[in-house]
Amino acid sequence: MCSDSDGECEVLDGDEIRTTLSKGLGFSKEDRDTNIRRIGMVGRMLARNGVLAIGAAISPYSDTRNEVRAAALKDGVAFVEVHVHAPMETLLERDTKGLYAKALAGEVKHFTGVDDPYEAPATPDLSLDTSTLDTATCTTRILEV
């Protein structure tokens with residue numbers, strides 16, 4: 001997915017991070033914050049070494065996102081907040097694992113955007129509605145920021 005013509009690129013996928021670096025963390029606010037801080041730390045380490053790092057994870061809390069941004073800027077690392085979103089109808093259509101349906105039926109608890117909060121960024125650097133934009137367009141827009 002990365003095609004950074006200026007150098008190396010790494011996608012820090014939230015699902016992959018949860019099976020390795022953040023293995024054992026649950027979905028409490030504290031654990032979600034810890035997961036995002038870890039992704040931010042790895043991203044900063046990569047960026048300090050010339051690697052474009054893309055953190056692709058659900059980050060539901062504004063305070064934690066702002067904390068990760070502040071740490072990046074303190075380290076002299078550029079930080080771009082991209083809000084990727086789609087309406088619930090689209091999320092349900094794409095839900096190959098059936099998790100949204102289960103969360104809406106009350107079978108899955110602490111599901112971000114259903115019964116756990118999601119604080120949308122007030123002023124993201126880029127906002128992408130994936131119900132109207134295809135993957136190639138989104139990727140191009142992210143790399144152009």
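General remarks:
- Scanning segment 38-75 for residues that are touching a helix residue (DSSP H, G or I) at 6+ places or on another chain (Cβ under 8 Å), assigned to a loop (DSSP other than H, G, I, E, B) and surrounded by fewer than 18 Cβ atoms within 10 Å (Cβ to Cβ) turns up I58, Y61, D75.
- Those residues of segment 79-110 which are open to solvent by 90 Å² or more (accessible area, probe 1.4 Å) and among the aliphatic types (A, V, I, L, M), in sequence order: L104
- Filter result for A136 (in a helix (DSSP H, G or I), hydrophobic (A, V, I, L, M, F, W, C) and surrounded by 16 or more Cβ atoms within 10 Å (Cβ to Cβ)): no
- Pairs with Cβ under 8 Å, 6+ apart, first in segment 86-108 and within 17 Å of T135 (Cα to Cα), second of a type in the set (S, T, N, Q): A86/T130; A86/S131; P87/S131; T90/T130; T90/S131
The values are calculated or read from the model by the stated rules, or taken from the named source; none is laboratory data. The model shown is predicted, which means the values in this text are computed figures rather than measured ones. Cβ: placed from backbone, ideal geometry, glycine included. Neighbour counts: every protein chain shown. What goes into the accessible areas is simple: the full protein's heavy atoms, side chains included, and nothing from ligands, DNA or RNA. Shrake-Rupley method; radii C 1.70, N 1.55, O 1.52, S 1.80 Å.
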